[in-house]
1. Over region 185-225, with every protein chain in place, what whole percent of the accessible area is carbon and sulfur at 1.4 Å, could you tell me?
2. Starting from the 7 Å offset along Cα-to-Cβ, what nm value, one decimal, do you get for the label separation of D219 and K196?
3. Cα-Cα over 20 Å: which of K92/K142; K81/K118; K88/K303; K139/K159?
4. Once the other residues with Cβ under 11 Å from the Cβ of I157 are scored (Lys, Arg +1; Asp, Glu -1), what is the net sum?
5. Which far-off residues, 5 or more places away or on another chain, put their amide H under 5 Å from the one on T269, with H placed in the peptide plane?
Amino acid sequence: MSRAADRLKVVLNHLDRSHGAVRASFTSAQNVSYHHHPEQDFQYTFDTDLLTPEQRIAYEKDGFVLIRNLVSDEDIEQFRKAFERICKREVKVPGLLVMRDVSIAKSEFVEGEKAVTKLQDFQEDPELFRYCTLPQILKYVKCFTGPNIMAMHTMLINKPPDTGKKTSRHPMHQDLHYFPFRPADRIVCSWTAMEKVHRQNGCLVVLPGSHHGTLQEHDYPEWEGGINKMYHGVRNYDPDHPRVHLEMEKGDTVFFHPLLIHGSGMNQTKGFRKAISCHYASSDCYYIDVKGTTQENISNEVKELAAKKYGVDDTISFQDTWALRGRLVQGERTSM
């Protein structure tokens, strides 16, 4: 605990106090909060004159904000072509994890994009990583992380038509479960629809306001049809909590907090549902040791995968696997 406290002090010293007072709490997943506005305390956003007061209040209350038509059709088409090149094995990207749906992988070998459900860690692909550096994305990210921005986790999701096993679902989860860095309030996900996303093809489902809670225990759900690798879900959440289905047009982008409980339903159409995303963190964030916490299960799984992927021994830490992936995209790399 003393090491964590020392690290937090370092982070607080890095932060820009020109916007107002900073207060710290060691009893909550939200460790740092900010005062920016005379009538309203904003814990989760900075005042950059980009988000409207209504958008900031909505993010405070709900844990997400949806920005329409943020990424151009031209950019999305370039990302789609880069995805197809990888699926056709025309290029090999260092460190990239190509994932397949468990029910498709067990039933038959399918070449090309129909076999691929997710590209994870595409930070070494120049075209796909360009998404993480788009100015219109970063200007919003800065509202949540501050000026020093790290791109930490990259994914292109290609949700397939469900095989009947319901394995195209993604269980309700909190992204912070996967991250050994804090504070949570200085982390944000940018998730952009690459085509029309709706309930029939498995849009995101969020539980508004659930980001006010703490990180919950996650594990694989007991689904009859099987569950995809690393698709952990929250063990216990209120099934009666109000839900919002985020139906989006191509280019629409949602920014959401890492404690927001969310998931997605089955793809009940014959087409694929593509989205591209990046999790960003302030470079003022710091790594934590998750041993003995609810995150230890995912830590062990990631370390095992890293050992196979990179041929390293088990001395590599969970934190090391994230430090390898992180890329500075704006400002200075201070702590991370």
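The values are calculated or read from the model by the stated rules, or taken from the named source; none is laboratory data. The shown structure was predicted, so the numbers you read here are calculated from the model rather than taken from an experiment. Methodologically, a virtual Cβ is constructed for each residue, glycine included, from the backbone with ideal geometry; neighbour enumeration extends over all protein chains shown. Accessible surface is based on the protein model in full, side chains and every heavy atom, while ligands, DNA and RNA are left aside. Shrake-Rupley method; radii C 1.70, N 1.55, O 1.52, S 1.80 Å.
1. Within region 185-225, the accessible surface is 43 percent carbon and sulfur.
2. Between D219 and K196, the simple spin-label model gives 4.2 nm.
3. K92/K142; K88/K303; K139/K159
4. Local charge sum for I157: +4.
5. D162
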